[in-house]
Every structure is written in structure tokens, then in C-alpha cells.
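Below is one structure, written out as C-alpha cells; the observations come after it.
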Amino acid sequence: MAGTGAGSVAGTGAGPLAGGAVEGADGVLRCPWGNSAEDYVGYHDSEWGRPVHGDDALFERVCLEAFQSGLSWLTILRRREGFRAAFAGFSISEVARFTESDVERLLADTGIIRNRAKIEAAVSNARASLALPQGLDKLIWSHAPDGPSRPAPRTLAEVPATTPESAALAKELKRHGFRFVGPTTAYALMQACGLVDDHLADCHVRVAASGAQRPR
């Protein structure tokens, strides 16, 4: 999540949520942003950082990251079902057929973020996705970091906002005609879709994945 959302909160290195894992009301240690709003808890625990595959599924994430640019990810998360309804479940083939009348329809849809440039970018990005010879899934996952992961971050201050891989992914997407896909947005996409694991070292999601015991 670029801008001021969960992904960038995990990569800003500043502010009240820049520390280590914190205990939620349920006694579970999470990345600080994961406890900062009720809507974040389930998203943090069951979605963020889990591998996402499939062209349509990844197209949805690309679109939502673009809509989130400059806004809070919470704003997008709370409207996700509205976005899915408005954009035909993020079916690439369906969105690629959207016309100017669909753009006007979406500009009147209060269930989404009504930004003409971002709506038009979503339609354009669907068409760009259809034109990819290898598909969107293969393009995105080809930019996952090679080799061992970097050490688990202990605080959000240790999580980057961009990486060489996210810059390369953004460049490749733009080369194929995608819009609203800068390096920060691309890294937020990589975090959200499991290309990297930026759950903090003491976060229960990371601990469970490693089989380690919770620190005491």
C-alpha cells in the first residue's frame, strides 16, 4: 500500500507506528499498523504478506494500490467490495472492454474513489495486462527477490519504502503501458502479495510461519 496505507506505514521508518510489534486487545503481537484499526486486524493476520497468484487477483491488487496512492489504505480496504462490484470483480477481460460511458458511471459511484485519472488508469492497465505475452502473474513474480530473504525487521523503521526490485518492477510495468505504478507503489504491491515478507520479527504471523516460539 503506497502513500499512507499499511504498506507504506510498514516502510516509512517514522511516526507513532514505527516501532516493533505491539500487543493487541486480544493479546496477540502484531505489526503496529495491524492493531491501529479494527479493519486492519483481519487483513494483517490473513492477507497481507501471503502469496497471491492469478492474473485477475494480481490485477485487483495493482488497481487498488493505484487508487490508494495519496490516501490511507484503510480508505481503500473499507471500499474493497464497492471496487469489486464497480470493476466487474476485477476481471481483466471485462475491465479492458470498459468504455467512456463506464468511466462516467464509475465517476458517479460513491462506493469507490471517484478519481478520473485513476479510473482511466485501471481500464488502461487492464488492456496492458491483456497484451502481456507472459501474463501479469509471471511478470510480477519474476521480480521477487532472489536468494535468502533479508533478516526479519524488528521495527517498522527497518522496513524500506522501495527496493531495487520494486524499482525494476515499476519500470517493467510502465514499459508495458501501466500507469500509477511507481517504485513505492510497486513495493507496497510486493509486500501485500507476498513477494517479500515484511511482518516484524516478533509479529505472530512471522513467528507462526517460522515455527519459532513467541519471545518472552
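The values are calculated or read from the model by the stated rules, or taken from the named source; none is laboratory data. Please read all numbers here as calculations on a predicted model, not as lab measurements. Positions of Cβ are generated from backbone atoms using ideal geometry, with glycine treated the same way; all protein chains shown enter the neighbour counts. These area figures cover heavy atoms from the full protein model, side chains too; ligands, DNA and RNA do not enter into them. Shrake-Rupley method; radii C 1.70, N 1.55, O 1.52, S 1.80 Å.
When ARG61, ARG84, ARG79 are checked against the criterion of being touching a Cys at 6+ places or on another chain (Cβ under 6 Å) and not acidic (Asp, Glu), ARG61 stands alone in meeting it. Please specify each residue of region 76-91 satisfying the condition of being open to solvent by 10 Å² or more (accessible area, probe 1.4 Å), on the phi < 0 side of the Ramachandran plot and in contact with a Phe, Trp or Tyr (Cβ under 9 Å, 6 or more places away or on another chain). Matches in region 76-91: LEU77, ARG79, ARG84, SER91.
Checked against (1) over 13 Å from the mean Cα position of the chain (by Cα); (2) hydroxyl-bearing (Ser, Thr, Tyr); (3) over 18 Å from ILE112 (Cα atoms), SER91 passes all but condition (3).
Within region 112-123, the residues that satisfy the criterion of being surrounded by fewer than 17 Cβ atoms within 10 Å (Cβ to Cβ) and basic (Lys, Arg) are ARG114, ARG116.
Just one of the listed residues (ARG61, ARG114) is in a helix (DSSP H, G or I) and of a type outside the set (Phe, Trp, Tyr), and it is ARG61. Residues that are within 12 Å of ASP56 (Cα to Cα) and not acidic (Asp, Glu) within region 128-137 comprise SER129, LEU130, GLY135, LEU136, listed in sequence order.
Tallying residues that are within 21 Å of LEU173 (Cβ to Cβ), in a helix (DSSP H, G or I) and open to solvent by 10 Å² or more (accessible area, probe 1.4 Å) within region 93-111 yields 3. Taking the criterion of being at pLDDT 95 or above and either under 23 Å from ALA121 (Cβ atoms) or among the basic types (Lys, Arg) (or both), would at least one residue in region 2-17 satisfy it? For region 2-17, residues at pLDDT 95 or above and either under 23 Å from ALA121 (Cβ atoms) or among the basic types (Lys, Arg) (or both): absent. Filtered by the rule that a residue be at positive phi and either part of a helix (DSSP H, G or I) or more than 16 Å from the chain's Cα centre (by Cα) (or both), region 141-198 gives GLY147, GLY177. Tell me yes or no: at least one residue of region 140-161 is open to solvent by 10 Å² or more (accessible area, probe 1.4 Å) and touching a Ser or Thr at 6+ places or on another chain (Cβ under 7 Å). Yes.
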